[in-house]
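K.L.:
Supplied in structure tokens, the structure appears directly below.
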Amino acid sequence: MSSNIDISVVIGFRNWGQRRLELAVKSILQSFGPLKGEVIVSDYGSDDGQVTETAMTSAGARYIYTKTDGSWSRSRALNAGFAHARGKILVSTDADMVFSPKSFQIIGQTLLDDPSLCLLLQCRDLPQDWSDLEVAEAGFHWQIFEAVSRLRPRWGMGGMMAVHRDVYTRIRGLDERMHTYGGEDIDFATRAKRAGQRLLWVEDPDVRMYHMWHQPTRAQVEVTKEAREAIEFNKGIVYNDPTFVRNTKKWTYPLQGAAPLVSVAIATHNRAEYLSESITSVLGQTMQDFEIVIVDDGSTDNTKTVVESFNDSRIRYFYQDQAGVSAARNRAADESRGVYTAVHDDDDLMTPWRLQSQLDVISAGIHGSFGAFVNFDEGTGALELYRAKVFTPGTINETGGAPGHGTWLIETSILKKLRYDESLSSGVDNNLALRMIRSGFSFAHCGEIVMMRRLHTGQITVTDEHTQKLAARQTRQLFSFGTTTADAKKMMEERGAKDWPATRNEENLEMLLPYLPDHLVNRRFAAPQLMKSDMTDDFIRVEQDGEYLGSLMPSQTLSAADLAKLTSQGELVDIVASLRDGSEANEPGNFGGTVQKFLESRASQIMATRGSAESVVVVRLNQATKDPGIDSFSLVESLQLTEKNATCDYSFYLSQDGGAWLHLLTTPDTDVHSVYFAGDMASAVRTASARTLEGKNK
């Protein structure tokens, strides 16, 4: 993002006094010196009317309001403000802090000169006779503040953190799982350190942060059980999550102009027949913060048409005259904007959890990750697992082998520095892997099967097998050159059972069948499910009072593209799949049976958790027992409802108030009501509105 703003300071608040905010903003604006700065006040759902946009704008700040459900999260409030920040340096602070006149001039210039730092500032608490009222009346008396204030312990970080914009982008802001408050500063600073930043407490007499006295709010908040639980939850994140990249599944308030977290790099040449399936598997990732960089190395087929058919702005296509696979991969690295690069071949498939699982093991000192993969036969769908050893000097020294290239997730900067060797026609990935280890980089096994490698006659491993083996031997010799006998012995002694990390589902490869190409498998939902996925008209959309609740997914066949739409929204659904050998019919599910199974499943869940003292009733109007499409059933008792109150072809009503819910389905032949109630029948049935979508089952 191009901007002439040097530093952005963000204050997050909810239902906070306007006078305190005005004082904080005033002191910050006066402390920028020659730097160009901005102050953003991020109002996260205030509903008390204390702070107005007009007042904040008059004070010189940018006012950002975020509508919420009434809950407070300091992390989300700050992220919501940073989403609009334009500065090269980003600073978070609180609404009850005032800063000495040169504070942000020094903080900003220090980080502009050395972006590798994460700056922290110790807070000084003013006594009770210096509340915001007294400060507003008397003005800023910095010498008096210095004399009467009390230095707060560093534990808790104190209310000011500053990093370069690139660092904030890389670790994806403050952790939005945190709510209420507590631990946000410690967590962010710890993550910045894990990402390679040096933490520095500012020790400069010209840089001071003073906390204006007010009645303590923490004690008031902590009286509620919910708040105490929130604070403990935040502590759990701080103490138990070793990662530094957060908000990977959903970054609600992304930084303006932030590059994608991951670049999926695909080098291709005349593989249009496979490329579409390869891209679809990427689009189906449960982690959606990515771009796809496709370098077409002189294809003469319809590769470009295949890429353009997706019409997805995250897919970036680059054509070049044929220069070889190494040159194409280097071009992909040069064009990639992501912090990390996921290597992906044009004929292979990603499992939906690949990117998320590989990011989840990136911690301090880890520069990338990898995993296991399976080979699948293009003609039969037969699967064969290839487990991956840990990737260390010891395992390399023995065999010269490296993890499967298509399972790599690596810092993009490493690929840009070390690059693929363009003098090699084969074994290029193995060569680069060993050079990365020689350079001191470390990689973690994610414990997952992350790639499905297609076996077909056009692969390099088939057409150039001899050259590949020769290149691997030469690379191993290069790695071993200069290794003393003592070093080799030490590396062997460090080997052992831990060389082969456990891999989830290594004994259950059938669970990968749903992710094979369409021509190899039949797949369908294992049971009807209501899911928070905004699907097409092929599914029943469920709404209540205008709010989208999800889609009822019937037990019907699914294409790989359908499945990708679900998994891309975080839905790892229960899918039944079988190879196309005639063993399983590939027929659309019966609509009536679909709803019946869904209602039975929901009723059974309620009975299991609430017991038989509360009734679950499923009743058909008029023809309670005659239509075999939907059978009436009752776990405790049945009631005959006599009033028909729906006129549309397909409706599905759902109440989620915890005390009662109502299902209503109307087809040309059948009406179905399912009512769960506690106590009076009249109080159980709420008025709900629904929108009907005509689907393929009509």
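K.L.:
Would you say ALA80 is part of a helix (DSSP H, G or I), surrounded by 23 or more Cβ atoms within 10 Å (Cβ to Cβ) and within 27 Å of the chain's Cα centre (by Cα)?
P.N.:
Numbers: part of a helix (DSSP H, G or I): yes; surrounded by 23 or more Cβ atoms within 10 Å (Cβ to Cβ): yes; within 27 Å of the chain's Cα centre (by Cα): yes.
So ALA80 fits the description; yes.
K.L.:
In region 292-299, is there at least one residue being part of a strand (DSSP E or B), surrounded by 23 or more Cβ atoms within 10 Å (Cβ to Cβ), touching a Leu at 6+ places or on another chain (Cβ under 9 Å) and at pLDDT 95 or above?
P.N.:
Within region 292-299, one or more residues are part of a strand (DSSP E or B), surrounded by 23 or more Cβ atoms within 10 Å (Cβ to Cβ), touching a Leu at 6+ places or on another chain (Cβ under 9 Å) and at pLDDT 95 or above.
K.L.:
Please tell me if SER336 is crowded, with 18+ Cβ neighbours inside 10 Å and of a type in the set (Gly, Ala, Ser).
P.N.:
Values: crowded, with 18+ Cβ neighbours inside 10 Å: yes; of a type in the set (Gly, Ala, Ser): yes.
Considered against the rule, which asks whether it is crowded, with 18+ Cβ neighbours inside 10 Å and of a type in the set (Gly, Ala, Ser), SER336 comes out as yes.
K.L.:
Now a separate question. Check ASP132, ASP69 and return the single one that is of a type outside the set (Ser, Thr, Tyr) and at pLDDT below 95.
P.N.:
Details: ASP132 fails: at pLDDT below 95.
Answer to the check: ASP69.
K.L.:
Taking GLY173, is it buried (at least 23 other Cβ atoms within 10 Å of the Cβ) and not acidic (Asp, Glu)? Even if it seems obvious, please write down each step before you answer.
P.N.:
Working: buried (at least 23 other Cβ atoms within 10 Å of the Cβ): yes; not acidic (Asp, Glu): yes.
Here the answer is yes, as GLY173 does meet what is asked.
K.L.:
Of all residues in region 243-272, count the ones that are more than 22 Å from GLY570 (Cβ to Cβ) and at pLDDT below 95.
P.N.:
2
K.L.:
Any idea which of (1) of a type in the set (Phe, Trp, Tyr); (2) modelled with pLDDT under 95; (3) part of a strand (DSSP E or B) is the one PHE318 doesn't satisfy?
P.N.:
(2)
K.L.:
Hey, another quick one. Which of the numbered conditions does ASN247 fail, given that it passes all the others? Conditions: (1) surrounded by fewer than 19 Cβ atoms within 10 Å (Cβ to Cβ); (2) on the phi > 0 side of the Ramachandran plot.
P.N.:
(1)
K.L.:
State all residues of region 399-429 that are surrounded by fewer than 19 Cβ atoms within 10 Å (Cβ to Cβ) and assigned to a loop (DSSP other than H, G, I, E, B); if no residue qualifies, say none.
P.N.:
Of everything in region 399-429, those that are surrounded by fewer than 19 Cβ atoms within 10 Å (Cβ to Cβ) and assigned to a loop (DSSP other than H, G, I, E, B) turn out to be GLY401, ARG419, ASP421, GLU422, SER423, SER425.
K.L.:
Looking only at residues in region 32-66 that are over 23 Å from ILE106 (Cβ atoms) and aromatic (Phe, Trp, Tyr), which one is surrounded by the fewest Cβ atoms within 10 Å (Cβ to Cβ)?
P.N.:
So the residue we want is TYR65.
The values are calculated or read from the model by the stated rules, or taken from the named source; none is laboratory data. Predicted, not measured: the structure shown is a model, and the values here were computed from it. We place every Cβ from the backbone using ideal geometry, glycine too, and count neighbours over all the protein chains shown.
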